[in-house]
Amino acid sequence: SLRFPQKLWKMLESSKFQSIWWTEGGKCVAINKDLFEVEVLGREGQQVFHTQKIKSFMRQLNAYGFTKMQQNFQRSASLPEFLSEEAAASAHSQILYYYNPSFNRAHPWLSETCKRR
């Protein structure tokens, strides 16, 4: 059976999942938390990872050297723009970003160096 990084890679390269994708440049993994819980962790009988809990999945990411990234949004000075950006940012808060220097779409061979801490 595949190790966690290989399962993650396969999932990112598959078109079957809408809840997880490479960010621009293929340097980060983006996860839509709510959709991921339903689409991936909630699968009956055909589980990809040995958990149904997002916290356990995030612990696995951390164990393999992934770090959570913050998305920095530039805020506008005008109130209407600020409010519309706030709405977009709150929708965005469902999206988790994880980075690992050894997990890069342009360099697939590096994923072999992702070892459990």
Requested in this report: Taking a cut-off of 23 Å between Cα atoms, list the lysines near residue 53, but don't count ones fewer than 8 places away on the same chain.
Outcome: 7, 10, 16, 33, 68, 115
**Report entry** Per DSSP, loop trypsin sites (Lys or Arg not before Pro) in segment 12-59 with at most 14 further Cβ within 10 Å
**Finding:** 16, 43, 53
Query raised in the report: How many angstrom separate the Cα center of segment 92-117 from the Cα center of segment 4-53?
Result: 12
Report summary line: Computed ³J(HN,Hα) along segment 36-41: with the Karplus parameters 6.51/-1.76/1.60, θ = phi - 60°, integer Hz and x for glycine or proline, the list is 4, 4, 7, 6, 10, 6
Requested in this report: Step through the residues of segment 16-31 one at a time and calculate ³J(HN,Hα) from phi using the Karplus curve (6.51 cos²θ - 1.76 cosθ + 1.60, θ = phi - 60°), rounding each to whole Hz and writing x for Gly and Pro.
Outcome: 6, 10, 9, 8, 9, 7, 6, 7, 3, x, x, 9, 10, 9, 10, 10
**Report entry** Estimated distance in nm for a label pair at residue 18 and residue 56, the labels positioned 7 Å out from Cα along Cα-to-Cβ
**Finding:** 2.6
Query raised in the report: Using r as the Cβ-Cβ distance of residue 69 and residue 6, and R0 as 22 Å, what FRET efficiency do you calculate, to the nearest 0.05?
Result: 0.50
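Every number in this text was worked out from the coordinates using simple rules, so none of it is lab data. Because the structure is a prediction, the values reported are computed rather than measured. We place every Cβ from the backbone using ideal geometry, glycine too, and count neighbours over all the protein chains shown.
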